[in-house]
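Student: Pasting in a structure now, in structure tokens, and then I'll have a few things to ask.
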Amino acid sequence: MLRSEELPDCFYYQNKPTFITPNTSTPNHSLYLSNLDDQKFLRFSIKYLYLFEKAVAIDILKYSLSKVLVDYYPLAGRLRPCGGAGDDDKLVVDCNGEGAMFAEGFMDISCEEFLQISRKPNRSWRKLLYRVEAHSFIEIPPLVVQVTNLRCGGMILCTAINHCICDGIGTSQFLHAWAHVITKPTLDLRIFPFHSRHVLKPRDPPQVTHTHLGYTKTTFKDNIHVDINQYLQSQPLVPTSFTFTSAHILRLKRRCIPSLKCTTFDALASHTWRSWVRSLDLSITFKVKLLFSVNVRKKLIPEIPQGYYGNGFVLACTETAVKDLVTSNLHHGVKLIQQAKSNLTDGHLRSMIDLLEDKNVKTDICSSLVISQWAKLGLEDLDFGQGKPLHMGPLTSDIYCLFLPVVGNFDAVKVQVSVPECVVEKFEYYMMDGLDEEENGAQNGFI
């Protein structure tokens with residue numbers, strides 16, 4: 001058995017990865033990226049880690065990937081700056097069919113041993129995804145895959161999918177399409193990818209008709225804002241992870257006084273935001289923001305077509321004084337979150353897209369907690385023919401908060417975020433205080 005959380009080294013079967021190209025010819029053109037795709041805030045890869053009890057043959061995974069890349073051919077292309085050689089330029093996808101990077105390896109560990117340490121990521125997990133040598137973000141292939149076979153006959157699948165090309169819904173759609181090619185090879189894809197991003201083109205000229213709290217051109221230097229992000233980046237960070245069962249969530253909703261109808265996300269986001277702010281001991285005069293992802297595919301007029309796998313989400317934003325957030329119960333935060341969601345009308349979203357034509361506009365993360373919703377996307381249901389995963393989650397932990405699915409429990413949500421080492425105990429206390437009273441701590445799931 002493993003005596004620590006450190007994973008053993010990964011042995012690669014070949015000295016370097018191979019490239020999987022589409023197995024038939026695909027369109028060769030430049031794919032326009034929308035202003036939602038091309039935000040500097042999204043210039044990274046979404047990194048998933050899956051643990052499966054039984055491995056799928058490497059040849060099958062490679063062949064099926066080459067087939068699905070015919071439909072999802074932009075993922076076999078490369079990002080390119082539109083106007084020059086710099087990363088600051090508008091990006092497009094050069095759909096040139098160069099292929100996805102595919103690495104295969106072996107690790108001397110069992111599924112059981114991995115599950116023992118899988119409640120939160122640690123730095124050694126990075127061994128499970130091939131490190132691409134690149135000078136800049138745009139030099140990294142949009143899709144990087146590593147399959148690691150385990151001593152027990154299981155496998156770990158890690159994927160890095162470029163966030164400028166796909167959002168969470170898009171990545172789930174692609175991964176399920178890949179699995180579909182293996183499990184139902186004679187049937188067409190259930191959802192065909194919609195490639196064009198012109199449905200989200202800005203107006204000409206741009207018309208910024210609304211206020212957008214989540215964006216700024218400057219860093220706040222006044223006396224009511226503090227650069228929390230800068231503070232967090234300067235501290236040693238520790239991953240934390242909390243599993244909220246349906247019973248926990250019901251108790252949270254009951255803390256909302258006066259009572260109001262709210263979703264699981266509303267209650268959990270309000271509770272997490274409040275706990276995070278309380279643990280940081282901020283001055284009560286400071287203002288803090290919450291940014292959280294909202295799928296807007298059905299909020300635009302006309303709706304974004306089915307199969308759209310680009311960034312069809314925005315970060316909704318709300319703001320309040322620390323005093324109002326920490327001295328009130330969950331009701332205050334829930335009302336703010338619900339109002340921020342209701343603000344996302346077609347007019348507001350079109351104004352936001354137009355605002356982003358100005359490349360000096362940046363996502364305001366200096367005084368914000370950012371929550372990304374990975375639950376309810378079907379990510380945990382991925383099946384390549386040998387059963388659903390034993391574990392699904394991110395490869396790394398960050399200061400951005402993730403709401404994750406819980407394998408085998410659709411109604412539960414795992415909350416994961418890294419916080420400064422000096423506030424971990426306080427944050428854990430505020431997150432789970434009183435929620436396990438009836439369960440005697442049986443399923444608190446916190447680290």
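Student: Considering only DSSP beta bridges with both partners in the chain, what is the antiparallel share in %, to the nearest 5?
Tutor: In the chain, approximately 80 percent of DSSP beta bridges are antiparallel ones.
Student: Right, next: Quick check on the chain: helices-only [θ] at 222 nm, where DSSP H runs of length 4 and up contribute -39,500 (n - 2.57) each and the sum goes over total residues. Nearest 500, please.
Tutor: -7000 deg cm²/dmol
Student: Sticking with this structure for a sec: Please give the residues of the range 130-168, grouped as numeric ranges, whose backbone N is less than 16 Å from a label point set 7 Å along the Cα-to-Cβ vector of Y12.
Tutor: Answer for the range 130-168: 130-135, 140-141, 144-149, 158-160.
Student: Sorting L315, L213 by accessible area (1.4 Å probe), largest first, what list results?
Tutor: Largest accessible area first, the list is L213, L315.
Student: Here is a follow-up. Roughly speaking, what is the stretch gain from A57 to N360, that is 0.36 nm per residue apart minus the C-alpha to C-alpha distance, in nm to one decimal?
Tutor: Working: separation 303, 0.36 × 303 = 109.08 nm, distance 4.75 nm.
Difference between extended and current length: 104.3 nm.
Student: Within the set K388/K414; K67/K120; K62/K299, which residue pairs have Cα atoms separated by over 29 Å?
Tutor: K67/K120; K62/K299
Student: Got a number for carbon plus sulfur as a percent of the chain's accessible area, 1.4 Å probe? All intermediate terms of the calculation are to be shown ahead of the outcome.
Tutor: Working: 9860 of 19640 Å².
Reported share for carbon and sulfur atoms: 50 percent.
Student: Here's another thing I want to ask about it. K201: which aspartates and glutamates have alpha carbons under 13 Å from its alpha carbon, excluding same-chain residues fewer than 8 sequence positions away?
Tutor: In chain and number order, the partners are D37, D38, D354, E357.
Student: Further, regarding this structure: For the range 121-162 and the range 298-320, what is the centre-to-centre distance using only Cα atoms, to the nearest Å?
Tutor: 28
Student: A follow-up question, please. When the dipole is taken about the Cα centre of the chain, and only Lys, Arg (+1) and Asp, Glu (-1) are charged at their Cβ, what size is it in debye, to the nearest 20? Each step should come with its number before you reach the end.
Tutor: Working: 47 positive and 47 negative charges, 151 e Å.
Magnitude of the dipole: close to 720 debye.
Student: Also, quick follow-up: Under DSSP H, which helices of the chain have Cα atoms covering 15 Å or more of the helix axis and a Kyte-Doolittle average no less than 0.0?
Tutor: 58-71, 168-183
Student: Also, quick follow-up: Which of the aspartates and glutamates could be linked to K341 by a straight reach, that is with a Cα gap under 12 Å, when you skip same-chain ones fewer than 8 residues away?
Tutor: D266
Student: For F137 and D108, calculate 0.36 nm times their separation in residues minus their Cα-Cα distance, and state this gained length in nm to one decimal. Provide the component values of the computation, followed by the final result.
Tutor: On the way: separation 29, 0.36 × 29 = 10.44 nm, distance 3.14 nm.
Stretched fully, the F137-D108 segment lengthens by 7.3 nm.
Student: Then there is this: For labels at A321 and R43 in the simple 7 Å Cα→Cβ model, what's the distance in nm?
Tutor: The two pseudo-label positions are separated by 3.8 nm.
Student: So if each residue of separation counts as 0.36 nm, and I subtract the Cα-Cα distance between R80 and C422, what length gain in nm does that give?
Tutor: Additional length available on full extension: 119.0 nm.
Student: At 7 Å along the Cα-to-beta-carbon direction for both D227 and D281, put a label point, then send me their distance in nm to one decimal.
Tutor: 2.2
Student: Next question. At 7 Å along the Cα-to-beta-carbon direction for both K388 and R126, put a label point, then send me their distance in nm to one decimal.
Tutor: 3.3
Student: Could the peptides 340-348, 299-307, 271-279 be put in order, highest first, of the mean number of other beta-carbon atoms found within 10 Å of their residues?
Tutor: Sorting 340-348, 299-307, 271-279 by mean packing, highest first, produces 271-279, 340-348, 299-307.
The values are calculated or read from the model by the stated rules, or taken from the named source; none is laboratory data. On a predicted model such as this, the values are computed, not experimentally measured, just so you know. Note that we place each Cβ from the backbone using ideal geometry, even for glycine, and neighbour counts take in every protein chain shown. With ligands, DNA and RNA removed, areas are computed over all heavy atoms of the protein, side chains included. Shrake-Rupley method; radii C 1.70, N 1.55, O 1.52, S 1.80 Å.
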